[in-house]
Amino acid sequence: MEQQQISVSEEVQKALSAGKPVLALESTIIAHGMPYPENLEFAREAESLTRKSGVVPATIAILGGRICIGLNADQLEQLASDKAVVKVATREIGLTLAEKGSGATTVSATMRLARLAGIHVFATGGIGGVHRGAGSSFDISADLIELSRTSVIVVSAGAKAILDLPKTLEYLETMSVPVIGYGTSEFPAFYSRNSGLKLTSRLDDPGLIARAFQHQIQLGIPAGMLVANPLPKEYDIPFAEMEKHIEQAVQDADNQGIKGKALTPYLLGRIVELTGGRSLETNRSLALNNVDLGCKIAKKLTELA
Ligand code: PSU
Ligand code: MN
């Protein structure tokens, strides 16, 4: 890798060379998934929770044409507030570097860059998936493709019910991506602990999750792993209650002709509006809950190494 393309913070570099646990964090959730200033508060909180757990956080983004693995306070602030920061999926990494642009990385791009830096565990809120109406729009997130070909454990609260969850699970099965329920046998639906969709795999022990992943790596299986971690009970918004807001948001997007990469950020923002900010508090708590589990898995993984 060319040195001028990538800058790994000193803290992350030291941890990696000492074999200490590191947790990757994405930046699209900051720049395009939550409004300012709650996004900045969340980003800081995620990093401090990681450090408190004895793990080094590596928030990943592209800034000024360089891949940054581990951000300083100014860089976090820029990501959270600068409207010129674009949304970068894996396919846009090369382009953003060539244009010397700044981008927030989605789950797909963050996985790819984490792997490149030697980081194996990544915590986020929810992943992208198969959109409702994908039968005609063909809108399927590149996150699912990346999960099938990049060996990183992604800890999420499942996928948001703005998506077609049954199709998302079918797609993950087709793409050979293990989906592991943590403390649940059901696929969580982000805001809700329950979706009614059964999972075929469940592991309640972070050490076993780490071991399963290590077996995949040793066998040369290219896929990552999706850990589905239901949000804390006190923040649960029942599936049926969210459904009306989601239907409204999907309808509004359709009326305004919003599609492609703009669709997910639009839906996330619209749902915050429609729930009067309640969904934002839920989003924050579930993402921090994923950081907590991500730290546990990252620590177990370094013990196995
Ligand atoms: N879902 C969420 N919050 C998010 C995203 C998805 O609940 O912040 C972001 C993630 O960065 C994810 C991206 O990788 O949206 C997926 O976008 P798309 O649907 O365009 O692939
Ligand atoms: Mn899409």
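Read-outs: derived from the displayed coordinates by stated rules, not from any lab. Model, not experiment: these values are computed from the prediction. Using ideal geometry, Cβ is built from the backbone for each residue, glycine included, and neighbour counts are taken over all protein chains shown.
Going by average Cβ density within 10 Å per residue, which order do the peptides 150-157, 229-236 take, highest to lowest?
So the order, starting with the most tightly packed, is 150-157, 229-236.
Summing -39500 (n - 2.57) over the DSSP H runs of n ≥ 4 in the chain and dividing by its residue number, what mean residue ellipticity at 222 nm do you reach, to the nearest 500 deg cm²/dmol?
Counting only the DSSP helices, I get -14500 deg cm²/dmol.
If you take every residue apart from residue 80 with its C-beta less than 15 Å away from the C-beta of residue 80, what net charge results, scoring Lys and Arg +1 and Asp and Glu -1?
-4
Please give the FRET efficiency for residue 259 paired with residue 175, using the beta carbon to beta carbon distance and R0 = 25 Å, rounded to the nearest 0.05.
Efficiency, from the Cβ-Cβ distance: 0.65.
Answer with one residue from 219, 249, 189: the one whose Cα lies farthest towards the positive end of the charge dipole of the stretch 166-269, charges on Cβ with Lys, Arg +1 and Asp, Glu -1.
Comparing the listed Cα positions along the dipole, 219 ranks first.
Convert each backbone phi in the stretch 102-111 into a coupling constant with the Karplus relation 6.51 cos²θ - 1.76 cosθ + 1.60 (shift: θ = phi - 60°), then list the ³J(HN,Hα) values in order as whole Hz, x for Gly and Pro.
Residue by residue, the stretch 102-111 yields 10, x, 8, 8, 7, 4, 4, 5, 5, 4 Hz.
If the cut-off is 27 Å between C-alpha atoms, which lysines fall inside it for residue 52, apart from same-chain ones fewer than 8 positions away?
The reachable lysines, counting only those whose Cα sits under 27 Å from residue 52, are 14, 20, 233, 296, 299, 300.
Using a basic spin-label model with each label point 7 Å from the Cα along Cα→Cβ, how many nm lie between residue 5 and residue 66?
1.6 nm
Treating the beta-carbon of each Lys and Arg as +1 and of each Asp and Glu as -1, no other charges, what is the dipole magnitude of the chain about its Cα centre, to the nearest 20 debye?
It comes to approximately 580 debye.
Please list 3J(HN,Hα) in residue order for the stretch 236-241, calculated via the Karplus relation 6.51 cos²θ - 1.76 cosθ + 1.60 where θ = phi - 60°; whole Hz, with x for glycine and proline.
4, 10, x, 3, 5, 5
Under unit Cβ charges (Lys, Arg +1; Asp, Glu -1), what dipole magnitude, rounded to 20 debye, does the stretch 174-271 have relative to its Cα centre?
That gives the stretch 174-271 a dipole magnitude of about 300 debye.
Hey, what do the phi angles of the stretch 18-30 turn into as Karplus ³J(HN,Hα) couplings, whole Hz, using 6.51/-1.76/1.60 and θ = phi - 60°, x for Gly and Pro?
With the stated coefficients, the stretch 18-30 comes to 8, x, 8, x, 10, 10, 7, 10, 8, 10, 5, 4, 6 Hz.
Can you tell me how much longer the chain between residue 83 and residue 244 gets when fully stretched, taken as 0.36 nm per residue apart minus their C-alpha distance, in nm with one decimal?
Result: 55.0 nm gained on full extension.
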